[in-house]
Amino acid sequence: MSIPECEYIWFDGELVPWREAKIHVLSHVVHYGSSVFEGMRCYGTPEGPAIFRLEPHLRRMVDSCRVYRMPIPYSTEQLG
């Protein structure tokens, strides 16, 4: 299964054009699969889009970054 190409992607702390997002062949993530991600769902509501349980998701993601010693330059409030 391939990921559909989009115009921009989040890479190294910023949105960059999809085709410019490149990683080094010796990157730890390539060889060992080290990464942090948190799946979040967004639903359409009469009041507009709503992300289900956003705060707990963000706390888990920030905690996972801390465990991996991945610096995250944003607080959960900034991410939310």
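The values are calculated or read from the model by the stated rules, or taken from the named source; none is laboratory data. In this text the structure is predicted, and so the values were computed from the model without any measurement. Please note: Cβ atoms are built from the backbone with ideal geometry, for glycine as well, and neighbour counts cover all protein chains shown.
In region 25-47, how many residues are among the charged types (D, E, K, R) and touching a helix residue (DSSP H, G or I) at 6+ places or on another chain (Cβ under 6 Å)?
In the first step, residues of region 25-47 are kept if they are among the charged types (D, E, K, R); the result is 38, 41, 47.
Still in the list and also touching a helix residue (DSSP H, G or I) at 6+ places or on another chain (Cβ under 6 Å): 38.
Looking only at that region, the number is 1.
Just checking, which of Val30, Val16, Val36 is surrounded by 10 or more Cβ atoms within 10 Å (Cβ to Cβ) and touching a Ser or Thr at 6+ places or on another chain (Cβ under 9 Å)?
Val36
Mind listing just one residue for me: the one in region 43-74 that is under 18 Å from Trp10 (Cα atoms) and without any contact (Cβ under 8 Å) to a residue 12 or more places away in the chain and, of those, surrounded by the most Cβ atoms within 10 Å (Cβ to Cβ)?
Selected residue: Ile72.
Kindly indicate whether Glu20 is over 25 Å from Leu58 (Cβ atoms), acidic (Asp, Glu) and at pLDDT 85 or above. Steps first, please.
Working: over 25 Å from Leu58 (Cβ atoms): yes; acidic (Asp, Glu): yes; at pLDDT 85 or above: yes.
It is true that Glu20 is over 25 Å from Leu58 (Cβ atoms), acidic (Asp, Glu) and at pLDDT 85 or above.
How about region 1-13: which of its residues are of a type outside the set (Asp, Glu) and either surrounded by fewer than 10 Cβ atoms within 10 Å (Cβ to Cβ) or in contact with a strand residue (DSSP E or B) (Cβ under 6 Å, 6 or more places away or on another chain) (or both)?
Step one: list which residues in region 1-13 are of a type outside the set (Asp, Glu), which gives 1-4, 6, 8-11, 13.
Across region 1-13, the qualifying residues are Met1, Ser2, Ile3, Pro4, Cys6, Tyr8, Trp10.
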